[in-house]
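Some notes on the structure that comes next.
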Amino acid sequence: MERLIIRADAGTRIGTGHIMRCLALAQGWKDAGGEVTFVTSCRAEGLLQRLRDEEFDIKLLSGAYPDTDDWDITRDVLAVHPGARVVLDGYHFDEVYQRQVREAGHRLLVIDDNAHLKHYYADIVLNQNLHAEQLPYSCEPYTSLLLGTRYVLLRREFLAWKEKLQREIPEVACRVLITLGGGDSDNQTLKVIQALQEVAIPDLEATVVIGASNPHASALNEAAKQSRIPIRIVCDAKNMPELMSRADVAVAASGSTFWELAFMGVPSLVFVLADNQRYLADVLGKLGLAIVIPGCNNPSPTQLIQAATRLLEGAEIRAGMVLHLQELVDGEGVARIIIEIHREVLPPWSTLIGAGE
């Protein structure tokens, strides 16, 4: 199998989700006998070490597109690996960037969430979200669309739990997992910790997962020490499936982590931490697959307390969520995507350029 070149970034503002879901695809590609190169401007050492532990090649960029060094260096990497398949995951990779990859002679997969571009030049557009089939994608005649939760990207460590999942529904939930992304620059995690102090649930406890790049680690550790309920802070967790399996409920962003929670059958309160998460949050709320915390990315303490209490005390609500969540994600997404990447070889770019204009 040939090489897969993944272009994705991570940071305090954009979080770690783009690289983490690409990690799932990279693991599957490697397990099938292929080689993987990550091209990234990420500077989070913990995340980079995770890629090194998988023995992926890493090419570090000094800045991200539209920084000119981005494409100059990426183009050089592509030239070294003719015929390599390319993956782009990030909202800053626009139509121009996609066309440049295709013009360089490479098949391209774009991982997307909300059809935010006017046009897509990729060979494959992947959107793993529940609302994907309702989005109006404009793309080339040759573009394949992989849409919906059949294509959820789950890392290897989650797939090992597929036969172990036996979710119990306590009458009153008390074990809370808080995971609001690797960056959480606005420190929503602290707001949740503070709200839990006012939730009148016996034996309440929380595990808080933060990324190595979280700028508020000191404040969160201090809040945990001062908390009236037991709170454990876990930085750069390597055992997320195990942490999810122990939790009765989770507080999470409506991003890619939600699909990991769905696979593990964890009922969740969902935050909207960025505009690109609104589509998914709206759908989850309407279908009763999560309790969506109101107030967008700035809910009030009262809203947080009420939402948490509703889920913790609502055994019927949680049971309904678990039943439907595990039907959505079967763990075969990465395998399906790799099959699609290899399904056919397209004609040269020169015969396709402008075909959809």
- Yes/no for residue 79 being surrounded by 14 or more Cβ atoms within 10 Å (Cβ to Cβ) and among the aliphatic types (A, V, I, L, M): no
- Message: On the basis of being among the β-branched types (Val, Ile, Thr) and free of Cβ contacts under 8 Å to residues at least 24 places away in the same chain, does residue 36 make the cut?
- Response: no
- Query: In the set 212, 223, 200, which member is in a helix (DSSP H, G or I) and either on the phi < 0 side of the Ramachandran plot or assigned by TED's automatic domain parsing to the domain that holds residue 299 (or both)?
  - Reply: 223
- residue 183 passes all but one of the listed conditions (1) touching a Lys or Arg at 6+ places or on another chain (Cβ under 7 Å); (2) not in a loop (DSSP other than H, G, I, E, B); the exception is number (2)
- Message: Take residue 107 and tell me if it is within 24 Å of residue 339 (Cβ to Cβ), in contact (Cβ under 8 Å) with a residue 24 or more places away in the chain and of a type in the set (Lys, Arg).
- Response: yes
- Item | Sole exception among (1) within 15 Å of the chain's Cα centre (by Cα); (2) farther than 24 Å from residue 111 by Cα for residue 271, by number | (2)
- Item | Residues (surrounded by fewer than 18 Cβ atoms within 10 Å (Cβ to Cβ) and of a type in the set (Ser, Thr, Tyr)) located in segment 82-107 | 91
- Query: When residue 168 is evaluated against the numbered criteria (1) crowded, with 18+ Cβ neighbours inside 10 Å; (2) in the same structural domain as residue 261 (by TED's automatic domain parsing), which criterion, by number, is the only one it fails?
  - Reply: (1)
- Message: Looking at residue 191 and the list (1) surrounded by 16 or more Cβ atoms within 10 Å (Cβ to Cβ); (2) not assigned by TED's automatic domain parsing to the domain that holds residue 272, which single condition is not satisfied?
- Response: (2)
- Item | Test result for residue 145, free of Cβ contacts under 8 Å to residues at least 60 places away in the same chain and touching a strand residue (DSSP E or B) at 6+ places or on another chain (Cβ under 9 Å) | yes
- Task: Counting only residues that are modelled with pLDDT of 95 or more and in contact with a Lys or Arg (Cβ under 9 Å, 6 or more places away or on another chain), give me the helices (runs of 4 or more DSSP H) lying completely in segment 1-114 with at least 2 of them.
- Result: 17-31, 68-80, 95-103
- Message: Checking the condition touching a helix residue (DSSP H, G or I) at 6+ places or on another chain (Cβ under 7 Å), at pLDDT 95 or above and buried (at least 23 other Cβ atoms within 10 Å of the Cβ), which residue from 270, 208 passes?
- Response: 208
- Query: Are any residues in segment 108-128 crowded, with 21+ Cβ neighbours inside 10 Å and over 21 Å from residue 11 (Cβ atoms), and if so, which ones?
  - Reply: 108, 109, 120, 121, 122, 123, 124, 125, 126, 127, 128
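The values are calculated or read from the model by the stated rules, or taken from the named source; none is laboratory data. Small disclaimer: the values here were computed from a predicted structure and weren't measured. Quick reminder, even Gly has a Cβ in these numbers, built from the backbone with ideal geometry, and neighbours come from all protein chains shown.
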